[in-house]
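Structure, as C-alpha cells:
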Amino acid sequence: MYKLLKQEGRAKRGEFHTVHGVVQTPVFMNVGTVAAIKGAVSTQDLQEIKTQVQLSNTYHLHVRPGDDVIKELGGLHKFMVWDKPILTDSGGFQVFSLAGLRKIKEEGVYFHSHIDGRKIFMGPEESMQIQSNLASTIAMAFDECPSSVAERSYVEHSVARTTRWLKRCKKEMTRLNGLESTINPGQMLFGINQGAIFDDIRVDHAKEIAELDLDGYAIGGLAVGESHEEMYHILDVTVPHLPLEKPTYLMGVGTPANILEGVARGVDFFDCVYPSRNGRHGHLYTNHGKMNLFNQKYEKDSRPIEEGCQCPACRHYSRAYIRHLLKAKEMLGMRLCVLHNLYFYNTMMEEIREALDLGRFHAYKEEKLYGMGQS
Ligand SMILES: [Zn+2]
C-alpha cells in the first residue's frame, strides 16, 4: 500500500508498505543480479549502506540455481539472508537481451539458456510462477521491451500484447497468492508501461494499465539508447497518466542527474547497475563529480574517496590504498569502491527525501547538480 506524504511540483514523497517492511520513497534499489551485488557485497553490507530494497533477476535465478531450489530452501529472503523488501524483475528483459534464438509468440517466448543452451519457454504464467517460488516482495509483470528505434507498427503490436500479458500476469498472481504452498501470499505486482518513444502509444498504454488497479506502475523501455532529453520528455507526458496514489518505478535508470530529473517528474523507484559496475572499474561518484581512482594523482593521496563520507570505505581507507588494491586486482579494492558508490546513491536518495519533507527539493536538486558539475 502506497501512502503519498507530500508533493512538490510533480515530485512525490511517499511510503510503500509491504509484508517485508516500509519503503521510504523516492528510493534507489540496489541491483543483485544473481542474489548478490557484484563485487563481493553481502546482505550484511547492504544493511550498513542504507539499502532499503534489493533487486534480483528472475531469469538468472531461474537458470541457476533454479527457482524450485530456492523455493525448497524457503524463498529468496531466507536464501540470501535479507529480511527487507526484494523486487524481482520478470525475466523478460534478460530473455530479450541475453538469451539466444528467441521466438516471440502470443503464449510467450521460446529461447535458449545463456548458460547451457537448453530450450526454455517463458510466458506471463511462467514468470509469475518463478517469481512466486522466489517469494519476492514485488513481482514485475512479464512484458516485451521494444527497441527505442523500432518501427511504430511493431511497437503498437508489441504494446497491445504486453497489455494482454499483463492481464494474464494479474490473474496468475492472484491464483498463486491463494495457494497454500505459496511462501509469500502477500506478493505484489507492478505493471510496466511501454511504447518506445511514441508519446501517444505511451499515454494510451498508461491509461489502459492504470485501470487494472495494480500495486505499482513501472516505466520500461527507457535508457536503452534514446537521449536523456527524449527520456525526460517521455516521463513528462506519461507519468501524469499513471495513478498518483501508486508508486512509479523508472526501470534501469540511471546517473545521479537522471535520478534527480526522474524524481522531479514524479518517479518513486529507481534501479541501475551504474554504481556497482562503475565501482568495480574504480569509477567513483562524489558530490564534486566522478573520479577515476586509477589516476596517477591519487598514488600518494591519504584522503578518503570523499571527505565526510560515512561509508565503510571512506571511514577507514585512503584513496592511495584503494587505488593500490585496484591496481593489484585485489577483490577488496572493487568491494570498497562498490560500497562507496551504493552508499553515495542511497545517501542522495535520503537527502532527496529530506529536501521533499522540507519543501526544498527544487533548490536541493540545483545545488546537487551544480556541485557535481552537471548544472
Ligand atoms: Zn565513501
So which residues in segment 279-289 are more than 10 Å from the ligand (Cβ to nearest atom) and either outside any helix (DSSP H, G or I) or among the aliphatic types (A, V, I, L, M) (or both)?
His281, Gly282, His283, Asn287, His288, Gly289
Listed by first then second residue, the pairs whose first member lies in segment 306-324 and is without any contact (Cβ under 8 Å) to a residue 40 or more places away in the chain and among the small types (Gly, Ala, Ser), whose partner is outside any loop (DSSP other than H, G, I, E, B) and away from the ligand (no atom under 12 Å from the Cβ), with beta carbons under 9 Å and at least 6 positions apart or on separate chains, are Ala313/Arg335; Ser318/Tyr298; Ala320/Tyr298
Are any residues in segment 343-375 more than 23 Å from Arg265 (Cα to Cα) and of a type in the set (A, V, I, L, M, F, W, C), and if so, which ones?
none
Mind checking whether some residue in segment 328-346 is open to solvent by 20 Å² or more (accessible area, probe 1.4 Å), more than 22 Å from Asp45 (Cβ to Cβ) and away from the ligand (no atom under 14 Å from the Cβ)?
no
Among the candidates Val253, Val273, which residue alone is β-branched (Val, Ile, Thr), touching a Lys or Arg at 6+ places or on another chain (Cβ under 9 Å) and within 25 Å of Gln24 (Cβ to Cβ)?
Val273
Yes or no: Leu73 more than 22 Å from Pro243 (Cβ to Cβ) and modelled with pLDDT of 95 or more?
yes
Residues in segment 309-327: is at least one in contact with a strand residue (DSSP E or B) (Cβ under 7 Å, 6 or more places away or on another chain) and within 16 Å of the ligand (Cβ to nearest atom)?
no
On the basis of being at pLDDT 95 or above, more than 13 Å from the ligand (Cβ to nearest atom), open to solvent by 60 Å² or more (accessible area, probe 1.4 Å) and not charged (D, E, K, R), does Gln296 make the cut?
yes
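Conditions tested, residue by residue: (1) open to solvent by 10 Å² or more (accessible area, probe 1.4 Å); (2) within 16 Å of Phe270 (Cβ to Cβ).
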position: Gly21; (1), (2): yes, no
position: Thr51; (1), (2): no, yes
position: Asp67; (1), (2): yes, no
position: Lys71; (1), (2): yes, no
position: Leu76; (1), (2): no, no
position: Phe79; (1), (2): yes, no
Answer yes if at least one residue in segment 350-368 is in contact (Cβ under 8 Å) with a residue 60 or more places away in the chain, acidic (Asp, Glu) and either touching a Lys or Arg at 6+ places or on another chain (Cβ under 6 Å) or more than 12 Å from the ligand (Cβ to nearest atom) (or both), and no otherwise.
yes
From the list Arg102, Arg118, Arg164, which one is of a type in the set (D, E, K, R), surrounded by fewer than 17 Cβ atoms within 10 Å (Cβ to Cβ) and closer than 23 Å to Ala210 by Cα?
Arg164
Take Leu76 and tell me if it is in contact with a Ser or Thr (Cβ under 7 Å, 6 or more places away or on another chain) and more than 19 Å from Cys272 (Cα to Cα).
yes
Identify, please: which residue in segment 233-278 is acidic (Asp, Glu) and part of a helix (DSSP H, G or I) and is, among those, most open to solvent (accessible area, probe 1.4 Å)?
Asp236
Please tell me if Ser302 is more than 30 Å from Met140 (Cα to Cα) and at pLDDT 95 or above.
yes
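The values are calculated or read from the model by the stated rules, or taken from the named source; none is laboratory data. Keep in mind that what you see is a predicted model, and the values were worked out from it rather than measured. With ideal geometry, Cβ positions are generated from the backbone for all residues, glycine too; neighbour counts draw on all protein chains shown. Side chains included, ligands, DNA and RNA excluded: accessible areas come from the protein's heavy atoms. Shrake-Rupley method; radii C 1.70, N 1.55, O 1.52, S 1.80 Å.
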